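Working notes, structure below.
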Amino acid sequence: MAAATGGVPAVTDLFRYPIVQAPMAGGASRPELAAAVCRAGGLGFLAAGHKTPEAMYQEIRVARGLTDRPFGVNLFLPQRPVADAAAVAVYREQLAGESSWYAAPLGDTDTGGGDDGDDGYEGKLAVLTETPVAVVSFTFGCPDAGVLRALARAGTVTVVTVTSVAEARTAEAAGAAAVCVQGVEAGGHRGTHRDDPYADRGSPGLGLLTLLAQVREAVDLPLIAAGGLMRGAQIAAVLAAGAVAAQLGTAFLVCPESGADPLHKRALTDPLFPHTELTRAFTGRPARGLVNRFLREHGPYAPAAYPQVHRMTAGLRRAAARAGDPQGMALWAGQGHRMARTLSAERLVRTLAAELDEARAALLEGPGGSAAAASGTADAAGPPAAPPQKGEPA
Ligand SMILES: Cc1cc2nc3c(=O)[nH]c(=O)nc-3n(C[C@H](O)[C@H](O)[C@H](O)COP(=O)(O)O)c2cc1C
């Protein structure tokens, strides 16, 4: 399943432990974090979202100076415009009070994010084909087959984030080397290929284990599982469900090497913030964060307008952080946030790997340590049923 094609390594050749540090745009994914994860035997990622191609290139250079292990870079797909200009204007009026409170003007929705509207996608691809990295992953869509082929020719493993079976099929048809299966538990933005405010009404998305099982039967690609994973035993569970690796974001967010704001790190385990929710309040695209005042007040009517809302609120969020007020910040977090441990990234990878080993050993031993599987008890119940063929009903 994880076999290499041509000159491209198999995704499983890129790490010692099946632990991927999720790319996290917005400051957390510093080269120091990615390099520390790689040194410990996991797979580290840089996040190129919201950066210029030049800034991405500089981070790659820094990471290369810190580790000679393979690491990945994550790109945002350019977004087809979905924003309703009138709805964006209404939201601007609704945020006027926030602007006065934080003494920060609302950003220009056309240019306020400091990018050229498509997040510098073509420029970043040009850098990554000229100076290849081991892995390039994508979110918010699936690249054209030509892009995936060009990266493969450069020896790069390509990974497309998917949140449904249909998106996984699209990624397979386009020629992705692997998919990152993102469950609804995940922190940060949902990687949905198209933000359709009508499609997700009343049904925010599938939980990781349900989605993983469905994607596994629909496509023949290596799967990386993401969403709510905080312990080695959960990694064992997703490996048992067919994944080749687990991708963790929130768990790495609190590491000292992460560049996340200290207020954000602290809030993850603060009893003041016990819940997460999916919201468009900060960026206009559904993302999971800790429920704070801003999310509670503006989430219910925030429009589907990414990146316009992201640009509009960027200055507010920075001002809230400067004022030391987590109630006005985007506190991205997965559902497992309360289990975050402040360990160095290297120690976290090793701890997760040890927990994974322990969980696997416990599985082999069976309930009550009876060593059921190892002693052949499993055989007494007959051989396992053959998995259904692709396309057959399960
Ligand atoms: C702060 C933060 C920023 C994120 N930024 C990105 C990103 O730039 N690109 C991406 O593909 N995923 C991003 N994600 C999502 C992760 O790739 C991953 O799906 C998620 O962290 C998994 O859930 P967990 O946080 O519960 O581990 C982000 C997640 C967080 C928490």
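The values are calculated or read from the model by the stated rules, or taken from the named source; none is laboratory data. None of the values given here were measured: they were computed from a predicted structure. Using ideal geometry, Cβ is built from the backbone for each residue, glycine included, and neighbour counts are taken over all protein chains shown.
Quick look at the numbers
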item: Cβ pairs under 8 Å, 6+ apart, first in the range 224-247 and under 12 Å from G336 (Cβ atoms) and more than 14 Å from the ligand (Cβ to nearest atom), second modelled with pLDDT of 95 or more and part of a strand (DSSP E or B); result: none
item: Candidate set: the range 254-263, residues that are in contact (Cβ under 8 Å) with a residue 24 or more places away in the chain and out of contact with any Phe, Trp or Tyr (no Cβ under 8 Å at 6 or more places or on another chain); chosen: the one nearest to the ligand (Cβ to nearest atom); result: A260
item: Qualifying positions in the range 266-297 - touching a residue at least 60 places away in the same chain (Cβ under 8 Å), touching a strand residue (DSSP E or B) at 6+ places or on another chain (Cβ under 8 Å) and closer than 18 Å to Y102 by Cβ; result: A267, T283, G289
item: Residue identified as at pLDDT 95 or above and farther than 24 Å from C180 by Cα among G324, G289, G284, G259; result: G324
item: Of all residues making up the range 55-81, the number that are in contact (Cβ under 8 Å) with a residue 40 or more places away in the chain and more than 20 Å from the chain's Cα centre (by Cα); result: 2
item: Qualifying positions in the range 194-223 - away from the ligand (no atom under 16 Å from the Cβ) and modelled with pLDDT under 90; result: D196, P197, Y198, A199, D200, R201, G202, S203
item: Exclusive hit being over 30 Å from A302 (Cα atoms) and either of a type outside the set (D, E, K, R) or touching a His at 6+ places or on another chain (Cβ under 6 Å) (or both), set P81, P105, P70; result: P70
item: Pair list, Cβ under 6 Å, 6 or more apart: the range 142-162 residue in contact (Cβ under 8 Å) with a residue 60 or more places away in the chain, other residue part of a helix (DSSP H, G or I); result: C142/T170; C142/A171; C142/A174; V157/V11
item: Matching residues, the range 159-183, being within 14 Å of the ligand (Cβ to nearest atom) and assigned to a loop (DSSP other than H, G, I, E, B); result: T163, A176, G183
item: Any hit, the range 332-344, residues being in contact with a helix residue (DSSP H, G or I) (Cβ under 6 Å, 6 or more places away or on another chain), hydrophobic (A, V, I, L, M, F, W, C), within 16 Å of the ligand (Cβ to nearest atom) and in a helix (DSSP H, G or I); result: no
item: Members of the range 223-238 that are buried (at least 22 other Cβ atoms within 10 Å of the Cβ) and more than 15 Å from the chain's Cα centre (by Cα); result: Q234, I235, V238
item: Hits in the range 30-68 - residues which are assigned to a helix (DSSP H, G or I), under 24 Å from A246 (Cα atoms) and more than 13 Å from the ligand (Cβ to nearest atom); result: P31, E32, A35, A36, V37, C38, R39, A40, I60, A63, R64, L66
item: Evaluation of G315 against (1) within 15 Å of the ligand (Cβ to nearest atom); (2) out of contact with any His (no Cβ under 7 Å at 6 or more places or on another chain) (one fails), failing number; result: (1)
item: Index of the failed condition, A186 passing every other in (1) crowded, with 24+ Cβ neighbours inside 10 Å; (2) part of a helix (DSSP H, G or I); (3) aliphatic (A, V, I, L, M); result: (2)
item: Qualifying residue in the range 141-149 (condition: within 16 Å of the ligand (Cβ to nearest atom) and touching a Pro at 6+ places or on another chain (Cβ under 9 Å)); result: yes
item: A87 being touching a residue at least 40 places away in the same chain (Cβ under 8 Å) and in a loop (DSSP other than H, G, I, E, B); result: no
item: Hey, L206 assigned to a helix (DSSP H, G or I) and either touching a Gly at 6+ places or on another chain (Cβ under 9 Å) or closer than 19 Å to V349 by Cα (or both) or not; result: no
